[in-house]
Each structure stands twice: as structure tokens, then as C-alpha cells.
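A quick write-up on the structure given underneath.
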Amino acid sequence: MREVASVAGNPRNGRPYRRLVAAVKAMGHPCWICGHNIPTNVDGRRHPLAFTLDHLVPLSHGGDLLDPANARSAHRRCNSARGNRTALRAPQRASRRW
């Protein structure tokens, strides 16, 4: 008898999440963080400019994993750099030179 690994613990492995990713990717929107186009011919797992699904409200802050209004297109690099912050950029600090 063959054992099958259970993926029930990770909702990102489910059909609804994969369907949402495919729908957002098919729209062809640019990266919502940097504004540049996302190339379609790069390896999706490793390349820094590959498409990833980012959430406007991070999941760790109560964002909904499957809400299309919370889903955005992003480069892997931009998504990773943003992390779970809600603001896109840190507030500008005043320089010491007045």
C-alpha cells in the first residue's frame, strides 16, 4: 500500500488558492510594489523577477488568503523585501544636514 503525503495542513496547496493565483497571473498586471512588468518566461520558483501572489493586507495581520480583493501581482524579490509590512516604504527620516 502506498502512503500519500497529506497537504490538508497548508491551505496554499489547495485548489481554491491555486485557482486564485492562476486568475491573478492571467490578468497580466505589473508588480503592484515597484510598477514594472512581470516577465512570463522566467522560472517561477527561483527567479527574483518571477510572478508571486502578494496580499495587500498580510496574512499575519488578518488578511484573507482567498479574497481576490486582497490579492496582488508582485515580483518575488519585491514580495520578499516587503515581508509582512503593511506600508510599502518606510517613512522618510530627516537628515542631519538641515
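What follows draws every value from the coordinates through simple rules; no lab data is involved. These figures come from a predicted structure and were not determined experimentally. So basically every Cβ, Gly included, is an ideal-geometry build from the backbone, and we count neighbours across all protein chains shown.
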Net charge over other residues, Cβ less than 15 angstrom from the Cβ of Val57 (K, R count +1; D, E count -1): 0
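Evaluate the relative contact order of segment 14-80 (contact order divided by residue number), counting alpha-carbon pairs under 8 angstrom at least 6 apart; express in whole percent. Don't jump to the answer; show the numbers that get you there.
On the way: 92 pairs, mean separation 23.7, N = 67.
For segment 14-80, the relative contact order is 35 percent.
Give me the Kirkwood hydrodynamic radius of segment 6-56, using the inverse of the mean 1/r over all pairs of distinct Cα atoms, in Å to one decimal.
When all Cα pairs of segment 6-56 are included, the Kirkwood radius is 12.2 Å.
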